[in-house]
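Have a look at the structure below, then the notes.
The values are calculated or read from the model by the stated rules, or taken from the named source; none is laboratory data. Keep in mind that what you see is a predicted model, and the values were worked out from it rather than measured. Please note: Cβ atoms are built from the backbone with ideal geometry, for glycine as well, and neighbour counts cover all protein chains shown.
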């Protein structure tokens, strides 16, 4: 059974005053130097949650399943149950394996957001975690417009993005997403490890003209790029928490 984070720790985490963003030095990604985190199922409670300003909490996965003679898209619940978080910002995250979403699928996600909000949680919106291929960004943009139209106006929309989008993709299509999504979080890792050539892609991120963050992985590698940190569209870092790596 997956171990869920301690709710008491999360409550204390989001009750703290906001900490101003700061530059991060080169080296191994130390979660205690950051304030925004992805919280996936199976991640053990960590003291670093006591300084969290923003949490991206996994809630499920949108997958296609074979039902007799037809394929059906469904939402598989994952991650922690509804918490009682009073301060900070909370995003509910859904990992997507398909873009074949029906109105019923979107409604499941909307209902979950409402459940968290009714419990008093400061849920600002939904994040879709989908590895859209660089050559298929136009298709992904069309999908996101449909999801945006189905969400309540009070619900913001965040997406994750692959590191090579701004280098090899249609930058025009990406920047047009500014009218659809509230932020793009660019992942510098794959699986549980930093992409070894990540620094080659960083200069291309300067071409972005929509709010973006940089996604890092705990215990991974990162050399801060000051030119990115001073970019007017840069909104900070999000660290993917994971359990301590055995020596």
Pick from 184, 177: which is crowded, with 22+ Cβ neighbours inside 10 Å, assigned to a helix (DSSP H, G or I) and at pLDDT 95 or above? 177
Residues of region 123-140 classified as part of a helix (DSSP H, G or I) and within 17 Å of the chain's Cα centre (by Cα), total: 1
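From the set of residues in region 86-98 that are under 18 Å from the mean Cα position of the chain (by Cα) and part of a loop (DSSP other than H, G, I, E, B), which is nearest to residue 36 (Cα to Cα)?
Only one residue tops the list, namely 88.
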Within region 88-128, how many residues turn out to be closer than 18 Å to residue 75 by Cβ and touching a residue at least 60 places away in the same chain (Cβ under 8 Å)? 2
Conditions (1) surrounded by fewer than 19 Cβ atoms within 10 Å (Cβ to Cβ); (2) in contact (Cβ under 8 Å) with a residue 60 or more places away in the chain; number of the one not met by residue 238: (1)
Could you count how many residues in region 194-205 are surrounded by 13 or more Cβ atoms within 10 Å (Cβ to Cβ) and either more than 21 Å from residue 158 (Cβ to Cβ) or touching a strand residue (DSSP E or B) at 6+ places or on another chain (Cβ under 7 Å) (or both)? 5
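Picking from 58, 16, which residue would you name as being closer than 22 Å to residue 128 by Cβ and either in a strand (DSSP E or B) or at pLDDT below 95 (or both)? Let's see the steps before the verdict.
Values: 16 fails: closer than 22 Å to residue 128 by Cβ.
After applying the criteria, what remains is 58.
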If I filter region 105-117 for residues that are under 20 Å from the mean Cα position of the chain (by Cα), on the phi < 0 side of the Ramachandran plot and assigned to a loop (DSSP other than H, G, I, E, B), do I get at least one hit? no
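Would you mind finding the one in 154, 209 that is modelled with pLDDT of 95 or more, part of a loop (DSSP other than H, G, I, E, B), touching a helix residue (DSSP H, G or I) at 6+ places or on another chain (Cβ under 6 Å) and surrounded by fewer than 17 Cβ atoms within 10 Å (Cβ to Cβ)?
Only one candidate passes the filter, namely 209.
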